[in-house]
Every structure is written in C-alpha cells, then in structure tokens.
Amino acid sequence: MFKITVLLTLIFFISLVVISRFSGVGIRVSDGSYLGYSASTDEWLIFEYQNIPVMHDGPYVFVESSKLLALRVESFKQTINKVTRSPVDGDLLVTVDNKSKTQFTVPLRQSDPRSQLNYSTTEKVLAISDIEGNFDAAAKLLIANGVIDSSLRWSFGKGHLVLIGDMVDRGTNVLPTLWLLYKLEAEAKNAGGHLHYVLGNHERYLLDGRTKSVAKKYFGTYRATGMTQRQLWSENTLLGRWLRTKPALLKINDILYVHGGISPEVLTQRPTLEFIDNLAKESFVTSGTNIKNIDDHILHGSKGLLFYRGLAKDMSHYNLGKKASEKHVEKILEVYGAQKIAIGHTLTKHIGFDFNDKVVRVDVDHASGESEALLIEGRDISRVNTKGQKLPLIQIESAEIL
C-alpha cells in the first residue's frame, strides 16, 4: 500500500511538472502561494509567491512595543521589489498607485472603539458598497457628491457616509482606499458627522488571508516581504485592528444596512444588533478560522449576513435557496423595527429597489466607470453619480442584473 501511494504521488508530481511547463500554469493555494511553472514570471515555484513587480504598495503599519513601523514595497526595476521599513514619526504619508501618484497624509490613532450600531439623525446619509480597492472610483464619487473636497478632506458636515462592505480585494489600491476611509472617519467625527463601515465577505477574506480575489501585484508584496496576507492584516497592524472594530449589521433611522442579507435561517434565531456585533468581535480574530467554516454560522455561513444573496436573486441552482419571499422581507423589518434594508454584495447595473421598495440594492460596477451612491435626505431617497446628478431609484426587476 505504501509503495502504491508513493508511486501515485510521484506520477502526480511528474504530470504536474509536464503540464505546468507546457501550459505555463501551476496551482495556486488559498494563501496565494504557487506550485509549478509560472510563465508570467518565468520561474519554477514550490509553494512560493510569484515575483511580480509592485509599482507601489503600502504603507502597512505595524504596532511594535507601542511604536509604529511602516512597511512599503516599490519596484525600481522590472523584477526587483524593494521593501522599506521606517518608524512613523507624525502623520503617515500615503501614495496611491495611480497615474497621478496621488498623495495624502493621515494622522494615526493608537486605538479605536467599536462602532455604534443604531443611529437616529436628520442629516443626509450617503451609502456606497463594493468599491473593492478602486481608490480613484471612490474618490471621484465622493468628491462629485460633496462628501470630500478635491484635497480628499471631509466636506459632508454632520452627514453620514455608510460603506456597505467589500471596500477591499480585486483592485490595486486596497491600502490607499482604507487609509482614506480611516482618515475620513476622524475628520467626520470632528465635524459632527459619521463614517460607518459595515463588513462584507471580502473584508473577511482579507483578514483571513484568503487571496482568491486579490490583484496579482500583491503576490509580489508577499514575495518581497516574506509575509502572508494574513500577517500583513493581523491584529498587529493598525488597519487590521481598525477593521476588526467594525460591525456586520447597522441601523440608521429606519434603514438596516447589511452587506449580503438576512436569510430565513438566520432570522429564526432573531439575533439582535448587539448579538451580531459580539459575533463579529469574536470571529474576525486571526485565530477564528474554524468558526468561519461552520456552514450555519450567522455571519460566515453560506446563508450568513456576509454571503446570503436571497434578497437579490434566486440561488437554488447553487443549492442555496430561492429568492426570498415578500413575507420574509416584511418579517426582517418587523424584527428590527425598520422600513427598508440596504444591501451590497450582488451586482446590479443601477442602484434600485425591490420587494415593493423594501430592499435597496447598492452594489454597482465601479470599475466600469459607472459609479453610483445611495442618497437619503429625510424621506427622499435617490441615487447619485460621478457627475453629482440626483436620479430616481429604478425598479430592480426591470434593470439589467449583472
């Protein structure tokens, strides 16, 4: 039996080598490391990261003995990524990996309290979702609608900016996007306003070290630093700590904000905002991987708040249930004393409503240049675009669902 196992293993690796060499494609595991021949970087790898050039990445800020250390990665030659580590003395300089090399400074904080969960306000509320590391799209949308000025400073007064998850992954400017939001949170507070960040499934992937959706440049970062994504976003980093203070469900006036949705399976447990927040506090720690693999987990299961799509579409072909019923949506609103639910996670062409105006879909394709945000002014709800135009919400069933 042992000899057969060894023989089969040997055959597997020989086959992998041959196939990989001629196809130029190997196997990538969940942490992003690579096995086989990489044609794009012309190298053989055995569970290592590809040597992909990184024009600019960082700063990752680590907390070491109450001192702050900034780590940056830059490429000065096509295949050489240079890592710099420097103490942070004063404000942090952030450089965006875009054509104009946009820069801004960020005052740092040693700690942040957990976010509040329930707000009442008469001020404007602007909500966006699924920016996915696209700094330029986020900045353009926020500037056009008066949330920030051309110097990237908060200009929304006492208004509320709500981020409905998935600010990270896919794009090439995850760090600058988060540093901008981190900075705006403090500026909003000083102006009497608020920035709210509701966690999504891609925040979970980021903190867990799951690299299925990261831009390829980050593999170059992992290679150059000798660190995994999980280490770069651990509780030992300032942004890692900050993200772990954020909730998964938020209520402002009579609107619930959740990234994926609330499934019938979750609703039967009638979890309160506080109960859900305690779960987030406990399960987003680096050591919480086993919790996230429990399929019926209120947050992390396939029908949990971060992943459920039933408020947007039928998922029965994936054995994840049909589209939710009107009765289920009404029950959600009854349990949480709300009138509407605003969700991200499931892409649509334009921000619109479903379930007789009870569910508002906010996830649009920012990468295409057609960014939109949800604007709430008292009882008036509209969508706004990168030209600052205010437009009516559309009936989602008549829209092109992507």
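The values are calculated or read from the model by the stated rules, or taken from the named source; none is laboratory data. Remember, predicted model here, so these are calculated numbers, not experimental data. Cβ atoms come from the backbone with ideal geometry, glycine included; neighbour counts cover every protein chain shown. Just the protein is used for accessible areas: all its heavy atoms, side chains included, with ligands, DNA and RNA removed. Shrake-Rupley method; radii C 1.70, N 1.55, O 1.52, S 1.80 Å.
For region 200-295, the residue among N278, L250, S234 whose Cα projects farthest onto the positive side of the dipole built from Cβ charges is S234.
Applying the Karplus relation 6.51 cos²θ - 1.76 cosθ + 1.60 with θ = phi - 60° to region 375-383 yields 3J(HN,Hα) values of 10, 10, 10, x, 8, 8, 10, 9, 10 Hz, where x marks Gly and Pro. Remark on E43: its backbone amide H falls under 5 Å from those of S38, a criterion applied only to residues 5 or more positions apart or on other chains, H modelled at 1.01 Å from N.
Arrange the residues F355, F307, F275 by how much accessible surface each exposes, largest first, with a 1.4 angstrom probe. Let's see the in-between values first.
Numbers: F355 15, F307 40, F275 100 Å².
Putting F355, F307, F275 in descending order of accessible area: F275, F307, F355.
Rounded to the nearest whole Hz, the Karplus-based 3J(HN,Hα) values (6.51 cos²θ - 1.76 cosθ + 1.60, θ = phi - 60°) of region 266-282 follow the sequence 6, 5, 4, 8, 6, x, 6, 4, 5, 5, 5, 5, 5, 4, 4, 4, 7, with x at glycine and proline. Here region 253-380 exposes an accessible surface that is 49 percent carbon and sulfur, computed with a 1.4 Å probe and the other protein chains kept in place. Close amide H contacts of V162 (hydrogens built in the peptide plane, cut-off under 5 Å, sequence separation of 5 or more or a different chain): L126, A127, I128, H196.
Can you pick out the pairs among K82/K217; K140/K340; K101/K217 whose Cα atoms lie more than 24 Å from each other? Walk me through the intermediate numbers first.
Numbers: K82/K217 13 Å; K140/K340 27 Å; K101/K217 16 Å.
Where the Cα-Cα span goes over 24 Å, the pairs concerned are K140/K340.
Here's the picture: a label point sits 7 Å out from the Cα of E377 along the beta-carbon direction, and within region 179-217 the residues with their amide nitrogen under 19 Å of it are 193-194.
For K99 and R270, FRET efficiency with R0 = 35 Å and r from the beta-carbon atoms, rounded to 0.05? List each step's numbers first, then the result.
Details: r = 50 Å, r/R0 = 1.43.
About 0.10, to the nearest 0.05.
In this rough spin-label picture, where each label sits 7 Å from Cα along the Cβ direction, the M55-K323 distance is 4.0 nm.
Average accessible surface for region 29-105: 55 Å² per residue, computed with a 1.4 Å probe over protein heavy atoms with every protein chain in place. Per-residue Karplus couplings for region 204-214, computed as 6.51 cos²θ - 1.76 cosθ + 1.60 with θ equal to phi - 60°, are listed in order as 4, 4, 4, 5, 7, x, 8, 9, 4, 10, 6 Hz, Gly and Pro entered as x.
Distances between placed amide hydrogens fall under 5 Å for I148 paired with I143, S155, all partners being 5 or more residues away or on another chain. Dipole orientation for the chain: of the candidates G165, L141, A215, A215 has the Cα lying most toward the positive pole (charges on Cβ; Lys, Arg +1; Asp, Glu -1). A 1.4 Å probe run over region 111-217, with the rest of the protein chains in place, finds 33 Å² accessible per residue. Cα-Cα over 18 Å: which of K313/K358; K99/K349; K251/K303; K124/K349? With Cα atoms farther than 18 Å apart: K99/K349; K251/K303; K124/K349.
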